[in-house]
Amino acid sequence: MPILNRAAELHAEVTEWRRHLHARPELLYDVHETAAFVARKLEAFGCDEVVPGIGRTGVVGVIRGRLGANPGEGPAIGLRADMDALPLNETTGKPYASQTPGKMHACGHDGHTAMLLGAAKYLAETRNFAGTVVVVFQPAEEGGAGGKAMVEDGLMERFGISRVFGMHNMPGLPVGRFAIRPGPIMAATAEFTATIEGRGGHAAMPHTTIDPVVAASQIVLALQTIASRTVDPIDSAVVSVTKFHAGDAYNVIPQTAEIAGTVRTLRDEVAETVFSRMRAICDGIAAATGTTVNLVIDVNYPVTRNDPRETDFAAAVAAEVAGAAGVATDMAPVMGGEDFSYMLLARPGAFIFAGNGDTAGLHNPAYDFNDELIPHGISYWVRLAETALAR
Ligand code: NI
């Protein structure tokens, strides 16, 4: 089955919503305008309940089906979109480009929100299911753990959600195609900062100093051996140093240097191995150089792990929309992080990627969500709900 007719009819309207949101990006939990827009739409569609303020600025809409012996009763399924943007300056030059310097929808969450609104409109009109559809709009996916905040705020219990599903666009995958895999689909993330304390002094008399720049440089290089020499080649690990700050003058060896970066893994055991090697490297180079190294590791998002049964289910629904050949069911995991992971820890479900076509990559200043994906995404959401909650 291709795109649903009604989803095609909604295409222009949902595109307008998407571009409206695109022009007004908001960051982290500060998504007040976006959340208000979402809540207004859900009210207008006639959702049975519209509840703002879940997980601070998250919004939940409840749509009860008209099928079954006791319409509106029965299992509830959660469909989730994210609402937040990124701290970037947009370079698309589009007429609907960001009106706020330093903020832009560079990950397509404007499109995710608009597509789920489109599906909510459709489902509120037709209600061809037995049970309840809960549409979940979360804040702060980009580093603020908004998904965790909603779960901790009782999202699953309060709305009786028994299964939960998420979707993200994917540049490079043709529009109309989907990709998914059972098990780990996105990485666990951790951020680290190492502060290297030496003894500053005159750059012409290095023997009287303890140079933290040289020590920090050794640490940067040694960290590169963790993925290449310590972790089993069959496993996945990323250790990226993304910051290196030290010194202000040509002729001064500074007192301190600071390096920082991110770790990505797909298995807890691998993460533990990486962390313990990082500590050993910092301690060893501190001892060898006479510096003091303080390493702080902040464990962030867990692995996004798809339930195998729900993955099969989601892939079958995607195949209805895209055809079996349009759905990759064994895609390679992505080493990016995703806080839908917290929802998947709370309930079984699956996260799927939908093709965004040949666009700039995610988090790139030239990125734009592809509006051609809208009817495919709406069709997926609608059929997922109708199939999961078939009478
Ligand atoms: Ni994203």
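The values are calculated or read from the model by the stated rules, or taken from the named source; none is laboratory data. For clarity, every value in this text was computed on a predicted model and none was experimentally measured. No Cβ is skipped: glycine too gets one built from the backbone with ideal geometry, and neighbour counts run over all protein chains shown. Calculation scope for accessible area: heavy atoms of the full protein, side chains included, ligands and nucleic acids excluded. Shrake-Rupley method; radii C 1.70, N 1.55, O 1.52, S 1.80 Å.
A simple rule links phi to the HN-Hα coupling: the Karplus curve 6.51 cos²θ - 1.76 cosθ + 1.60 with θ = phi - 60°, which for the stretch 133-145 gives 9, 10, 9, 10, 10, 9, x, 6, 6, 7, x, x, 6 Hz, with x for Gly and Pro. The alpha-carbon atoms of the stretch 188-299, seen along their principal axes, cover 47, 23, 18 angstrom, with the largest extent given first.
Considering only alpha-carbon pairs that sit under 8 angstrom and 6 or more positions apart, the relative contact order computed for the chain is 25 percent.
Counting only helical runs of four or more DSSP H residues, what would the 222 nm mean residue ellipticity of the chain come to if each run contributes -39,500 (n - 2.57) and the total is spread over all its residues? After summing the helix terms and dividing by the residues of the chain, the value is -11000 deg cm²/dmol. Only beta bridges with both residues in the chain are counted; by DSSP, about 65 percent of them are antiparallel. Less than 5 angstrom separates the built amide H of G58 from those of G53, all sequence-distant by 5 or more or on a different chain.
Positive end of the dipole of the chain (Cβ unit charges, origin at the Cα centre): among V133, T195, Q255, the Cα lying farthest that way belongs to V133. Taking Cβ atoms as reference points and 11 Å as the exclusive limit, the residues near R267 contribute a net charge of -4, counting Lys and Arg as +1 and Asp and Glu as -1. About its Cα centre, the dipole of the stretch 188-299 is roughly 220 debye, where the only charges are +1 on Lys and Arg Cβ and -1 on Asp and Glu Cβ. Comparing Cα centroids, the stretch 145-194 and the stretch 276-349 end up 10 angstrom apart. Taking a straight line from the alpha carbon of K121, these lysines sit under 25 Å away, with near neighbours fewer than eight places off in the same chain left out: K41.
Within the straight-line cut-off of under 24 Å between alpha carbons, the lysines reachable from K148 are K103, sequence neighbours fewer than 8 places apart in one chain being disregarded.
Think of the stretch 169-234 as having a plus end and a minus end, set by charges on the Cβ of Lys, Arg, Asp and Glu; of V175, T209, Q224, V175 sits farthest toward the positive end of this dipole.
Rounded to the nearest whole Hz, the Karplus-based 3J(HN,Hα) values (6.51 cos²θ - 1.76 cosθ + 1.60, θ = phi - 60°) of the stretch 246-263 follow the sequence 6, x, 9, 9, 6, 10, 10, 7, x, 6, 9, 9, 9, 10, 8, x, 9, 10, with x at glycine and proline.
Please work out whether the chain counts as rounded, prolate or oblate from its C-alpha gyration tensor, where a ≥ b ≥ c are the square roots of the eigenvalues and a/c under 1.5 means rounded, while otherwise a/b larger than b/c means prolate and anything else oblate? Prolate shape, in that a/c is at least 1.5 and a/b is the bigger ratio.
In this structure, the amide hydrogen of I352, modeled 1.01 Å from its nitrogen in the peptide plane, lies closer than 5 angstrom to those of G166, M167, H168, counting only residues at least 5 positions away or on a different chain. Between the beta carbons of T100 and A12, assuming R0 = 22 Å, the FRET efficiency works out to 0.30 to the nearest 0.05.
By definition, a body whose alpha carbon gyration tensor gives a ≥ b ≥ c is oblate when a/c is 1.5 or more and a/b is not larger than b/c, and the stretch 1-87 fits this oblate description. Summing Lys and Arg as +1 and Asp and Glu as -1 over all other residues whose Cβ lies under 13 Å from the Cβ of P87 gives a net charge of -4.
For the stretch 104-229, a simple Cβ point-charge model (Lys and Arg +1, Asp and Glu -1, everything else neutral) yields a dipole of about 480 debye relative to the Cα centre. Surface exposure of the chain, expressed per residue as accessible area with a 1.4 Å probe, stands at 41 Å².
Positive end of the dipole of the stretch 74-186 (Cβ unit charges, origin at the Cα centre): among M104, T91, L79, the Cα lying farthest that way belongs to L79. Hydrophobic long helices, here whole DSSP H runs in the chain with Kyte-Doolittle means of at least 1.0 and Cα atoms spread over 24 Å or more along the helix axis, are not found. Using a probe radius of 1.4 angstrom, the carbon and sulfur fraction of the accessible surface of the chain is 51%.
Stretched out straight at 0.36 nm per residue, the stretch from R309 to T208 would grow longer than its current Cα-Cα span by 29.9 nm.
Note on the chain: with charges restricted to the Cβ of Lys and Arg (+1) and Asp and Glu (-1), its dipole about the Cα centre is near 500 debye.
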